[in-house]
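Each value in this text was obtained by applying a stated rule to the coordinates, not by laboratory testing. As the structure is a computational prediction, the values presented were derived from the model and not from experiment. Glycine gets a Cβ as well: all are built from the backbone with ideal geometry, and neighbour counts include every protein chain shown.
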Amino acid sequence: MLLGVIVWILTVVICYFFLGHYWWFPPPISEHGQAYDAQFNATLWVTGVIFFLAQIALGYVIIRFRDKGGTAKYSHGNNMMEALWTSATALLFIGLVLAGTRIWAAVHFAEAPADALRIEVLGKQFAWSFRYPGPDGKFGRTDIKQINDQGGNSFGIDEKDPAGKDDITSASIKVPAGKPILLILKSRDVIHNFFVRELRLKQDIVPGMEIPFHFQADKIGVYEVPCSELCGLGHHQMRTTLEVMSEANFEKWKQEQAAQK
Amino acid sequence: MSSPVVHAHGAPQGFIRRYIFSLDHKVIGIQYYFLALFSVFLGMSLSVLMRFHMVYPDAKVSLFEKLWPTGAAGGIMTPELYLSLMTMHGTIMVFFVLTTAPQSGFGNYFLPIQIGAEDMAFPVLNMLSFWTTLLALVVMVSAFFVQGGAPLSGWTAYPPLSAVGPLSGPGEGMGQTLWVISIAIFCGASLMGAINFIATTIDLRARGMSMMRLPLTVWSWFVTAILGLLGFAVLLAAGVLLLLDRMAGTSFFLPAGLVVNDQILNHKGGSPLLWQHLFWFFGHPEVYIAILPGMGLASQLLATFSRKPIFGYRAMVYAILGIGFLGFFVWGHHMFMSGMNPYSAMAFSILTMSIGVPSAIKTFNWIGTLWGGRIRFTTAMLFALGFVSLFVSGGISGIFLGQPALDLYFHDTYFVVGHFHMIMGVAAIFGMFGGTFYWFPKMFGRMMNETLGKIHFYLTFLGVYAIFTPMHFLGIAGNPRRYADFTNFEFMNNLMPVHKFMTHAAIFTAVVQLIFVFNLFWSMRKGAKAPVNPWDSTTLEWTVSSPPPFDNFAGKHPVVNHGAYEYSVPGAAKDYIMQSDPA
Ligand code: HEM
Ligand SMILES: [Cu+2]
Ligand SMILES: [Cu+2]
């Protein structure tokens, strides 16, 4: 009896907090982010209704069918109902996955446009580096023997390759708003993860692999990037920022960087 | 079917043969139970320390320094100590609690009795598997005391972090090696146990105990054993490969070009993703190993205490089989963000959603079982009802995580931590509490105190909701998991009040568990004497004395004439018909 009431109260309290958005997503800054939120909300409503009904039903049977004398109903079940709720849940669950497919496909099946700005992302215990091709539009070769973090060469850009001379490196990532960006994710040591909440995007960075990952951010601002795959004792401080700039500011930043070379 | 000569051994006399190196499945079951009880308190204490550190990362506590002179030099916990507590917490909980108590503990004790057998099929193997498990636990805990301390790579131990030795962090030297060895030993123990459970269920059923008359507890132990047999074999292989990478210079999981801590490593040709595939091929079935026995027990308790047959017994059996089978095809949902082929994510996600269907069927059938019942609110029943509530709450969040599109944000956030604690952590623990209150009279011949039991239940029920519900909000706000502290990020600082609330709830819930421990040990000595069948249950363990005689049925061979849950049969003399009652 008491338990039934407690289950009801818990259900209402939990729903209240979910509806109130007290601790919630930051606003999205991309089309993908909006599509993501729509899919999340659809899922939240479907599962929220199931959650609410199931818990309320549980509380109800607890209260209604407590032992008040009399006899329990002798029944081994009902195949009709069994078939009904099996197919209903199957349809609902598979339907949700299929609805989300478009979003996954746009992130992972679609290629980045050919003119996307290419940026290399390097994760290492416990810092980030980003590399842009200089005015020549080409990344220089790298060589792990030339890695020198203190000297500003975390990537190990090969001295002997002229294409690398003008490469720009940075400890945070800056991108122009409204332009397609293609990241090439690399790790030097252990697995890390590149995550931007406002983009609703996340991808592991695996040593030995170069993982392409594209996005487009539309809203100017500075967004925090927390490493999101356990990488060792400094995991919680492996922070950088994504700065989305106007195109003009981005070009200016790039020129300044190139000039320092 | 049972034949009287399979393993006719008399009760041994000496203390050692009787209680220490015992071949009796009942003693072994109790040994497992206490091993798990020790482990759950160790695991819980670690989690309280972790929760404390998260909200007071700079606190100076001299006790910490006493416990970990280097990890907490000056009394301040280091991030590496946090991560090693986290690794040990997860590992101990998953392997030494969730795999141990529901299956090896209760299963060992009650599977033979419920099917009308005198013992397990292979008593010596049974004893060996317990002692091997204990050895694994000793090796695991010893990782705390070696140079560098316990490993920090989490219970999933992803390479390269776990494979390149102390270069990648303290705890990754000897500590991680001991971890891998312990897991390998544990796999061996679980394989022995699994074979025993399978053989026993197939061969030693009493006359008349057809598969469709098995209690659902037996069905779930049986399917769990099959999962264990297939899953632990793969984890064992993976563990050996990891050990070779660490100690013999092989490169199963290590690619070329690694530069760790400014040192160039000479590995080439391996793949970090290979470990993830092997690990989760075991790891997903493992979560069902943890929860299936709880589901079986919940079914048993709901039928018993609502005085009704199981709603859809056959559907329940098919659901257990369906979960067991599909459980081997969904491991990729742990790897949506891993860099594996994104097309395979679609297949894994559809299969994952399919496995949600049998889980949902079970929930519906539980509510169907209660419907029209006459519910007796014993403490055991309260835990079963709590189990259903938690199972729903934890299952719901799985619908988010099973969609690769939504996992693009939720992977490795606190949303995941909330999800798996609800469904695999506390739901399974509720199953264990329910089993304890239900079977304690049979195991120890005395009743547990119901008043203390109910107080403990209500406080725990509220406590776990208070700890684990807010984790979902943290996840929605993007808070990553496996973070030792949150002060480096602006958005996480804003979430601190939620973390504080959870920490207080965790301390409260941990303290409340003392009520249970007190009840357990007090009832063992002082509880009221238990009758043969205190709950008016139908299954065979309730036909024998409490505790049962050494050979379970005192030389008799039970014959089964009825299904497992014949409650409130119209026209019957009592409101239940025992399985062995005359036809
Ligand atoms: C008092 C109850 C408990 C509390 C307060 C608690 C708390 C926590 C916390 C804070 C984490 C670390 C999250 C992170 O840093 O990412 C964690 C991880 C974990 N917990 Fe618990 N937990 C409790 C009970 C359990 C139980 C019963 C289980 C059994 C399944 C469990 C299994 C795990 C696992 C598998 C991990 C993951 C470890 C890893 O990331 O490698 N916990 N828990
Ligand atoms: Cu990290
Ligand atoms: Cu899984």
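Would you mind computing, in nm to one decimal, how far apart the modelled labels at B:Gln263 and A:Cys15 are, each placed 7 Å from Cα along Cα→Cβ?
So the two model labels end up 5.8 nm from each other.
Looking only at other chains, what is the average number of their beta-carbon atoms within 10 angstrom of each beta-carbon in B:463-470? Write out the running numbers ahead of the final one.
Details: counts 0, 0, 5, 1, 0, 0, 5, 2.
Mean number of neighbouring Cβ atoms from other chains: 2.
Please give the FRET efficiency for A:Asp158 paired with B:Asn488, using the beta carbon to beta carbon distance and R0 = 35 Å, rounded to the nearest 0.05. Each step should come with its number before you reach the end.
Numbers: r = 33 Å, r/R0 = 0.95.
The value I calculate is 0.60.
Please report the antiparallel percentage of DSSP beta bridges with both residues in the range A:117-259, rounded to the nearest 5. Provide the component values of the computation, followed by the final result.
On the way: 26 of 37 bridges.
Here the share of antiparallel DSSP bridges comes out near 70 percent.
With Cβ to Cβ distances under 15 Å as the rule, what net charge do the other residues near A:Ala38 carry (K, R +1; D, E -1)? It would help to have the intermediate numbers written out before the result.
On the way: positive: A:Arg102, A:Arg200; negative: A:Glu31, A:Asp37.
Neighbour charge sum, excluding A:Ala38 itself: 0.
I need the calculated FRET efficiency for the pair B:Val240 and B:Phe145, taking r as the beta carbon distance and R₀ as 30 Å, to the nearest 0.05. Walk me through the intermediate numbers first.
Values: r = 24 Å, r/R0 = 0.81.
That pair, B:Val240 with B:Phe145, gives E of 0.80.
I need the shape label for the protein assembly as shown. Rule: rounded when a/c is under 1.5, else prolate if a/b > b/c, else oblate, with a, b, c from the alpha carbon gyration tensor. All intermediate terms of the calculation are to be shown ahead of the outcome.
Values: a/c = 2.14, a/b = 1.71, b/c = 1.25.
Verdict is prolate for the protein assembly as shown.
State, as an integer percentage, the relative contact order of chain B based on alpha-carbon contacts under 8 Å between residues 6 or more apart.
15 percent
Tally Lys and Arg at +1 and Asp and Glu at -1 over the other residues with C-beta under 13 Å from the C-beta of B:Arg374: what net charge comes out? Can you show the working numbers first?
On the way: positive: A:Arg64, A:Arg66, A:Lys68, A:Lys73, B:Arg307, B:Lys308, B:Arg376; negative: A:Asp67, B:Asp536, B:Asp575.
Here the count lands on +4.
Bin width 10 Å, origin at 0, all Cα-Cα pairs of the range B:27-164: what percent of pairs per bin?
Pair shares across the bins are 12, 35, 27, 16, 8, 2.
Looking at the range B:44-152, which GluC sites (Glu not before Pro) are in a loop (DSSP not H, G, I, E or B) and have at most 15 other Cβ atoms within 10 Å?
Qualifying residues, ordered by number: none.
Per residue of B:314-326, count partner chain C-beta atoms within 10 Å of its C-beta, then hand back the mean as an integer. Mind dumping the intermediate values first?
Numbers: counts 4, 8, 1, 0, 2, 2, 0, 0, 0, 0, 0, 0, 0.
If you average over the peptide's residues, the count of other-chain Cβ atoms is 1.
Which length gain, in nm to one decimal place, applies between A:Ile56 and A:Glu251 when the Cα-Cα distance is subtracted from 0.36 nm times their residue separation? Let's see the in-between values first.
Numbers: separation 195, 0.36 × 195 = 70.20 nm, distance 5.77 nm.
Gain on extension, A:Ile56 to A:Glu251, equals 64.4 nm.
Test of understanding: what is the full-extension gain from A:Leu91 to A:Gln34, defined as 0.36 nm times their sequence separation minus their Cα-Cα distance?
That pair, A:Leu91 and A:Gln34, stretches by 18.0 nm at full extension.
When ranked by the protection proxy of mean other Cβ atoms within 10 Å per residue, highest first, what sequence do the peptides B:430-438, A:97-105 form? List each step's numbers first, then the result.
Working: B:430-438: 26.9, A:97-105: 18.8.
Descending mean neighbour count gives B:430-438, A:97-105.
Roughly how far apart, in whole Å, are the Cα centres of the range B:37-54 and the range A:104-133?
Cα centroid of the range B:37-54 versus Cα centroid of the range A:104-133: 39 Å apart.
At 7 Å along Cα-to-Cβ for each site, give me the label-to-label distance between A:Lys73 and B:Ala554 in nm.
4.0 nm
Which of the lysines could a cross-linker span from B:Lys574 if the Cα-Cα distance has to be under 19 Å and same-chain partners fewer than 8 positions apart are dropped?
A:Lys68, A:Lys73, B:Lys308
Please work out the Kirkwood hydrodynamic radius for the range B:236-379, using every pair of different C-alpha atoms, and report it in angstroms with one decimal place.
Working: mean 1/r = 0.0548 Å⁻¹.
Taking the inverse mean of 1/r over all distinct Cα pairs, the range B:236-379 comes out at 18.3 Å.
Compute the helix-to-body angle for B:496-526: its Cα long axis versus the longest principal axis of chain B, expressed 0 to 90° and rounded to tens.
The answer is roughly 40 degrees.
Placing one identical point scatterer on every Cα of chain B and ignoring solvent, what is log10 I(q)/I(0) from the Debye formula at q = 0.07, 0.08, 0.10 Å⁻¹?
The Debye formula, applied to the Cα set alone, gives -0.41, -0.54, -0.85.
Taking the 0 to 90 degree range and rounding to the nearest ten, how far is the long axis of helix B:174-203 tilted relative to the main principal axis of chain B, both from C-alpha atoms?
20 degrees
Using r as the Cβ-Cβ distance of A:Trp45 and B:Lys500, and R0 as 30 Å, what FRET efficiency do you calculate, to the nearest 0.05? All intermediate terms of the calculation are to be shown ahead of the outcome.
Values: r = 31 Å, r/R0 = 1.02.
Calculated value: 0.45.
So if I place +1 on the C-beta of Lys and Arg and -1 on the C-beta of Asp and Glu, and nothing else carries charge, what would the dipole magnitude of the protein assembly as shown be about its Cα centre? I want it in debye, nearest 20. Mind showing how you got there, number by number?
Numbers: 53 positive and 48 negative charges, 495 e Å.
Charge dipole of the protein assembly as shown: 2380 debye, to the nearest 20.
Using a simple spin-label model with points 7 Å from Cα along the Cα→Cβ vector, what separation in nm is obtained for A:Asn148 and B:Met247?
4.0 nm
Test of understanding: given chain B, find the longest segment containing no trypsin sites (Lys or Arg not before Pro) that are in a DSSP loop and have at most 14 other Cβ atoms within 10 Å.
On the way: sites that count: B:Lys60, B:Lys268, B:Lys556, B:Lys574.
It runs B:269-555.
Could you order the peptides A:222-234, A:34-46 from most to least packed, using the average number of other C-beta atoms within 10 Å per residue?
On the way: A:222-234: 23.0, A:34-46: 17.0.
In decreasing order of mean packing, A:222-234, A:34-46 become A:222-234, A:34-46.
From the Cα gyration tensor of the range B:434-507, with a ≥ b ≥ c the square roots of its eigenvalues, which class applies: rounded if a/c is under 1.5, or else prolate if a/b is larger than b/c, or else oblate? Can you show the working numbers first?
Numbers: a/c = 4.06, a/b = 3.32, b/c = 1.23.
Since a/c reaches 1.5 and a/b is larger than b/c, the shape of the range B:434-507 is classed as prolate.
Averaged across A:29-41, how many Cβ atoms of other chains sit within 10 Å of each residue's Cβ atom?
On the way: counts 0, 0, 0, 2, 1, 0, 1, 4, 1, 0, 5, 7, 0.
Other-chain Cβ atoms within 10 Å of each residue's Cβ, averaged: 2.
Of all DSSP beta bridges located in the protein assembly as shown, what percent are antiparallel, nearest 5? Don't skip to the end; give the middle numbers.
Values: 32 of 45 bridges.
Bridges in the protein assembly as shown that DSSP calls antiparallel: roughly 70 percent.
Which value, in debye to the nearest 20, describes the size of the charge dipole of the range B:28-577 about its Cα centre when Lys and Arg Cβ atoms bear +1, Asp and Glu Cβ atoms bear -1, and nothing else is charged? Please report the intermediate quantities before stating the final value.
On the way: 25 positive and 20 negative charges, 286 e Å.
In total the dipole reaches around 1380 debye.
Using only C-alpha atoms and all pairs of different ones, pull out the Kirkwood radius for the range B:20-94 in Å with one decimal. Don't skip to the end; give the middle numbers.
Details: mean 1/r = 0.0724 Å⁻¹.
So the Kirkwood estimate lands at 13.8 Å.
Determine the percent antiparallel among the DSSP beta bridges restricted to the range A:65-196, to the nearest 5. Can you show the working numbers first?
On the way: 10 of 17 bridges.
In the range A:65-196, DSSP labels about 60 percent of beta bridges as antiparallel.
To the nearest 10 degrees, how steeply does helix B:216-247 sit against the main Cα axis of chain B, on a 0 to 90 scale?
That helix lies at roughly 30 degrees to the long axis.
Under 9 Å from the Cβ of A:Ala217, count the other residues' Cβ atoms, weight Lys and Arg +1, Asp and Glu -1, and hand me the total. It would help to have the intermediate numbers written out before the result.
Working: positive: A:Lys179, A:Lys219; negative: A:Glu198, A:Asp218.
Cβ neighbours under 9 Å give a net charge of 0.
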